[in-house]
Amino acid sequence: MAEGKIKWFNKTKGFGFIAGDDGVDYFMHHSQVPEDTIPKEEQRVSFEITDTEKGKQAQNVTMLD
């Protein structure tokens, strides 16, 4: 599991990015966030990293605070 902070999230479009503690930005889709949760900027999260054709993505995102 990796950790980081929500860089930004657009609830209308359903995606955003996580700034990982490792210095890498990870794409985050709303389907990887717990239901009825709206990520907020600077919120701490943990997540799994997946490599895709479009780059690194966050999966199984868990809010830490």
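Taking a Cβ cut-off of under 13 Å around ILE6, the surrounding Lys, Arg, Asp and Glu residues balance to a net charge of -1, with basic ones at +1 and acidic ones at -1. Our Cα-only numbers for the chain put the radius of gyration and Dmax at 10.3, 31 Å. Taking every alpha-carbon pair under 8 Å whose residues sit at least 6 apart, region 1-42 reaches a relative contact order of 39 percent. The residue among THR62, HIS29, GLY14 whose Cα reaches farthest toward the positive pole of the charge dipole of the chain, with charges on the beta-carbon of Lys, Arg, Asp and Glu, is GLY14. Taken about its Cα centre, the chain carries a charge dipole of roughly 260 debye when the Cβ of each Lys and Arg holds +1 and the Cβ of each Asp and Glu holds -1.
Each reported figure results from applying straightforward, stated rules to the coordinates on display, with no laboratory input. Just so we're clear, the structure is a prediction, and the values are computed from it rather than from any experiment. Ideal geometry is used to build each Cβ from the backbone, glycine not excepted, and the neighbour counts take in all protein chains shown.
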